[in-house]
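Following: one structure in structure tokens, then a few remarks.
The values are calculated or read from the model by the stated rules, or taken from the named source; none is laboratory data. All values derive from a computational prediction rather than experimental measurement. Cβ sites come from the backbone with ideal geometry, for glycine too, and all protein chains shown count toward neighbours. Side chains are part of the model used for accessible areas, which takes the heavy atoms of the whole protein and leaves out ligands, DNA and RNA. Shrake-Rupley method; radii C 1.70, N 1.55, O 1.52, S 1.80 Å.
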Amino acid sequence: MAGDTHCPTEPLAREGTLWEALRALLPHTKEDLKLDLGEKVERSMVTLLQRATELFYKGRRAECLQTSEVILDYSWEKLNTGTWRDVDKDWRQVYAMGCLLKVLCLCQAPGDATTVAAALRVCDMGLLMGAAILGDILLKVAAILQAHLPGKRPAQGSTPEQPCTKVDVENPDLEKFPKFAKAPFESCILSPGEVLFIPVKHWHYVRALDLSFSVSFWWS
């Protein structure tokens with residue numbers, strides 16, 4: 001999902017239709033662009049969301065962008081106050097809404113490929129850390145942004161080709177791969193709640209010791 005790296009001076013593909021395509025996803029009135037949030041979200045945040053939406057529909061892009069940044073900063077803190085399972089879904093929706101508003105503000109004025117790539121990164125964060133809102137609108141926005149960036153990008157839902165090893169790590173064929181025996185490595189066992197950061201282009205092998213799931217995300 002993450003945006004590719006593009007030359008800042010590279011023109012946008014179909015530049016004139018980008019905003020039209022994004023605007024077509026939105027309701028005609030600000031009253032319809034809202035979330036049904038529970039009591040765990042402070043009233044002040046609900047008011048801030050309403051204010052940002054009103055600014056957007058009035059065409060006050062700079063003020064809307066600034067307000068969306070405040071929404072993102074505050075909701076980000078709420079997403080990181082404890083374990084992920086304890087994060088209330090409503091706050092994830094608030095974060096996703098902040099991402100949506102920021103993306104719209106970035107794309108409302110004419111821009112180059114760098115601006116749209118930045119908007120796509122914001123959209124990606126909303127998809128990763130937020131929750132589905134307004135009929136999965138962030139997925140639709142991401143698809144439009146991808147289509148308006150120069151160069152070929154993976155189709156929605158496709159898996160980018162990534163390098164992989166043919167060595168069976170736990171039962172290596174040392175006759176076929178003799179250098180594997182001399183390969184340096186580090187090993188560890190992660191406990192619940194722990195995270196291991198793997199630097200880019202570092203080979204790794206994972207085996208689950210208990211019921212688990214994994215998520216891979218190819219950052220640009």
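Structure above, values below:
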| read-out | value |
| --- | --- |
| Residue that is open to solvent by less than 50 Å² (accessible area, probe 1.4 Å), modelled with pLDDT under 85 and among the hydrophobic types (A, V, I, L, M, F, W, C), where the choices are LEU138, LEU149, LEU145 | LEU149 |
| Which listed residue is modelled with pLDDT of 95 or more and either surrounded by 19 or more Cβ atoms within 10 Å (Cβ to Cβ) or under 20 Å from ASP136 (Cβ atoms) (or both), from THR53, THR47 | THR53 |
| Which listed residue is part of a loop (DSSP other than H, G, I, E, B) and either touching a Pro at 6+ places or on another chain (Cβ under 8 Å) or not charged (D, E, K, R) (or both), from GLY98, GLY59 | GLY59 |
| Pick from region 26-40, criterion surrounded by 15 or more Cβ atoms within 10 Å (Cβ to Cβ) and within 19 Å of TYR57 (Cβ to Cβ), ranking: farthest from the chain's Cα centre (by Cα) | LYS30 |
| Qualifying residue in region 82-100 (condition: under 20 Å from the mean Cα position of the chain (by Cα), at pLDDT 95 or above, of a type in the set (Val, Ile, Thr) and open to solvent by 70 Å² or more (accessible area, probe 1.4 Å)) | no |
| Subset of region 56-80 [farther than 23 Å from ALA118 by Cβ and surrounded by fewer than 15 Cβ atoms within 10 Å (Cβ to Cβ)] | LYS58 |
| Hits in region 25-44 (condition: assigned to a loop (DSSP other than H, G, I, E, B) and either closer than 22 Å to LEU139 by Cα or in contact with a Phe, Trp or Tyr (Cβ under 6 Å, 6 or more places away or on another chain) (or both)) | LEU25, LEU26, PRO27, HIS28, THR29, LEU33, LYS34, LEU35, ASP36, LEU37 |
| Residue satisfying all of: in region 107-116; surrounded by 21 or more Cβ atoms within 10 Å (Cβ to Cβ) and of a type in the set (A, V, I, L, M); nearest to LYS89 (Cα to Cα) among these | VAL116 |
| Single match in LEU149, LEU128, LEU134, LEU138 (criterion: closer than 25 Å to TRP91 by Cβ and not in a helix (DSSP H, G or I)) | LEU134 |
